[in-house]
Structure formats: structure tokens, C-alpha cells
2 protein chains.
Amino acid sequence: METARQPLADGELRSVEHSAPRTRVLDAALELFAEFGVSGTSLQMIAASVGITKAAVYYQFHAKEDIVIAVTERALGRLVPALERAEAQDDVPQARDDLLVDVIGMAVRDRRLVRTLQFDPVVVRLLAEHPPFQRFMDRLYRVLLGETGDDVLIEAAMLSGAISSAVMHPLLADVDDDTLRTRLTDLSRRLLGLTP
Amino acid sequence: METARQPLADGELRSVEHSAPRTRVLDAALELFAEFGVSGTSLQMIAASVGITKAAVYYQFHAKEDIVIAVTERALGRLVPALERAEAQDDVPQARDDLLVDVIGMAVRDRRLVRTLQFDPVVVRLLAEHPPFQRFMDRLYRVLLGETGDDVLIEAAMLSGAISSAVMHPLLADVDDDTLRTRLTDLSRRLLGLTP
DNA sequence: GTCTATATTATGATAGAC
DNA sequence: GTCTATCATAATATAGAC
């Protein structure tokens, strides 16, 4: 039984580059995932959207789950440089605020991504099952929150949900990136008790 | 009996009662929707979960979408009394805060519900397409927010997302209802600028 | 009301021609 | 690398027996 191509079975999550055809598949998949959910998106739909056949999709990724993994990995990988910068920074509050700005920036820039990454049941399961994803999320939250505890956790959950929700809300699709980013950053800092 | 065939084609959303078999199907469906998403849940899974056959499910609801509609209607219907109470209340800020407390109460009580209602692509589409759902959401937000405008909308989106996220977060599953409710209410009031 | 059996369509996936 | 053709399986849905 095919355990799936395991891009990150042992190693750490990292920024990944894909070939042009693979990138086209991933872009189309992401778009469809955001609209119909992962389970609601068939390989047929992805193939049609790219303008190729199902078999051609299978040449690039030989299972649907591989596409989901690649989409998730590519998205989170984009945050790796920001995370490493924050971890290397001595000034802890500053590192925290820098990373927060980066995370919000990415959420606003790739709005469609957020619905899938944060709330799709298939992706949520994937994140919980693959250790590299888990380790990455741990690192991210360690910088953003410091220690753990129920109160901090509630804040964190509210924060990530607040950002995600605002960013993917249909009625806010027309709000320009700058406005949204500014407002989100202000409110997020308030929620985290950061006072810049 | 057949009260809810086309439950909301023309009329307003209201609290609905279902027969025992229908209720069993809806409960099972909701549970599965929360875990696997609507698209990731088959009628087979629902039937197996109830302990009946697919055909028996079709006797109660003659299409999968009918189940989704019924689940959504039943959930939102539970908020109707609270909404009507708030609309009848003269003291506007008080009405707003009362409704907020009710909404948070329901979110905390039926945590699994939230993921499906707020974030499942199928349900989101349903809410957008069926006028009774739209009208209900309009009424809800009118009481909670007063007027509309980008700034208020951003706050609203962040608020609903913050509540939803906190309530459905796996790491917060063990936090007891009272703690969660109290913390959520405090932070929500802060976000809305309510000062009770 | 619930069952078995079945029709129909779509799914994920593979083999092999070009 | 991309195609056509095809596979087995599972999906939604229906008909009809009990």
C-alpha cells in the first residue's frame, strides 16, 4: 500500500520549490479547496481547472493526499524564514511582534489559503498526524505566546481565529490589503497585550 | 410529521421540532459533519452511525442536501427566541449584550456545531443561497452591530471568528464551559467596545 | 418504516499508446 | 509528459418486498 510520497517524514518543514507543471496543479487545487473544501474537490475538477487530464495530474502527484500535503507544506514553508528570523532575535517582545506582522501579512496576501489551512477537516487531520507540521506549529506558537496555559491558549485560539475569519470573510473581500492589515494588526496587538 | 419538507422556502426561520428517527439522523450527521466535513460525510456513514441502512435514511430525508438544510435550520432556529427577545428590548446596548451572551452560550454548549455552521464550504454556500438564512443572519448582525461599515464589519468578522475558533479548538476541548464562556464574553465585549 | 437489490454516476487510481 | 481507455470502488438515489 502506497504510504504516499513523504516529503517531510523525517526532516523539518522548509521552503519548497516546485516545477512549473506541479505549481500549476497546486495553484488550481488551492483555489478549488478554498471554494469547495478538500473533500468537495475531485481530481477531475483540478485537472479541468488546469486544462489537462486526470492522468496528467497523477503524473505530478500520484495520490490526492500528496496534493494536500504539498499545498500545506508550500504554504507553511513560506513562513519558515520569518520564524527563523524571530527565533534568532534576542529582543523577545520585538521578535513576537515582528512574527505577528509577518503572519498577518501572509494571511492577508493569500486570503484563500486561510480557509483551507485553518479549517478544512482534511488539512486539520493532516497537521495533527504529520510530526513535521506539528513541530512547526509548536515553534510558531512558542514565539508568539511564550509559555502555555489555558488563558494564553484561549487568547491564541481567539487570535488565530479572529485573523483567519476577518481575512476570509466574503463581505470583506473588497477591503484593500493595507486597511485590513492595519486594522488586524492593531486589534491583534490589543488581544495579545503587546504595546508597541 | 412532514412539517419540514420545504421548511424555509418562503417563510421565516423558526424553531423546528423533528420526530425521533429524524432527530437521530440529524444528530449523527452533525457529529460526522464536524469531524469530516459535509462533503467528507457520506449517507453510508450517517446510516452506519445511526445503525440503519441508507434506504432508511432516504426515507427521512430524500436528499443529502435536505439533511444539511435541516441541521443548519435546527441549529439557527435555537437562536430565534433570543433574537426576538433582543429585538423587542428597548434598551439597545442591553439588548446587544444579552444577545451576545446568548450566542456565546450556544457556541460553547454546542461546540461541534460551530465548525460546520461557520466554516464548512457546503453550509456557507447554503447560507448564502437561501433567503431565510440570509434574513436571519441580517437580523442577528443588526442587533449585534447596529449600523454597517467596513470598520464595524471587520470587528464583526473578527468577533465571530474569535469565538468560533476558541470554542472549536482541539487544545481547548478540556477547558470547562464556565471558564471558556467567561473569558470569551470578556474579550468579546472588549472587541465590541461594550462596557458593562 | 425498514429492508434488499439495483441503477447510475463519479471517484481515485493504473496501464499502455504516443 | 500527456494522452485514451479502463479498473474497482463508493457515491447518491430509487424500486419494490416485507
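Just so you know, all these numbers are worked out from the coordinates, no wet-lab data involved. For clarity, every value in this text was computed on a predicted model and none was experimentally measured. When we count neighbours, we look across all protein chains shown, and the Cβ atoms used for this are built from the backbone with ideal geometry, even at glycine.
Extending 7 Å from Cα along the Cβ direction at B:T182 and again at B:E87 yields two label points whose distance is 3.4 nm.
With the cut-off at 1.5 for a/c, could you classify the protein assembly as shown from its C-alpha gyration tensor as rounded, prolate or oblate?
Values: a/c = 1.80, a/b = 1.11, b/c = 1.63.
Judged from the Cα gyration tensor, the protein assembly as shown comes out oblate (a/c at least 1.5, b/c at or above a/b).
Full extension of the chain segment joining A:Q94 with A:V16 gains 25.3 nm, where the gain is 0.36 nm per residue of separation less the Cα-Cα distance. Length available on full extension from B:S49 to B:D27: 0.36 nm per residue minus the Cα-Cα distance, which gives 6.9 nm.
Straight-line cross-link partners of A:K54 among the lysines, defined as a Cα under 20 Å from its Cα and at least 8 positions apart when in the same chain: A:K64.
The mean count of C-beta atoms from other chains within 10 Å of the C-beta of residues in A:111-121, rounded to a whole number, is 3. Computed from label points 7 Å out along Cα-Cβ, the spacing between A:D174 and A:A56 is 3.7 nm. Computed about the Cα centre, the dipole magnitude for segment B:1-137 is approximately 560 debye when only Lys and Arg (+1) and Asp and Glu (-1) carry charge, each at its Cβ.
Based only on other Cβ atoms within 10 Å, what is the fewest-to-most ordering of A:D90, A:D120?
Fewest-to-most Cβ neighbours within 10 Å comes out as A:D90, A:D120.
About the centre of its Cα atoms, the protein assembly as shown shows a dipole size close to 1020 debye [charges on the beta carbon of Lys, Arg (+1) and Asp, Glu (-1) only; nearest 20 debye]. The tail of the calculated P(r) for chain A, taken as Cα-Cα distances beyond 30 Å, holds 23 percent of the pairs. Under a Gaussian network description of chain A, with springs only between Cα atoms under 10 Å, the residue in A:S19, A:S39, A:S160 that fluctuates furthest is A:S19.
Could you order peptides A:75-82, B:163-170 by the average number of other Cβ atoms within 10 Å of their residues, highest first? All intermediate terms of the calculation are to be shown ahead of the outcome.
Values: A:75-82: 17.8, B:163-170: 23.9.
Going from most to least packed, we get B:163-170, A:75-82.
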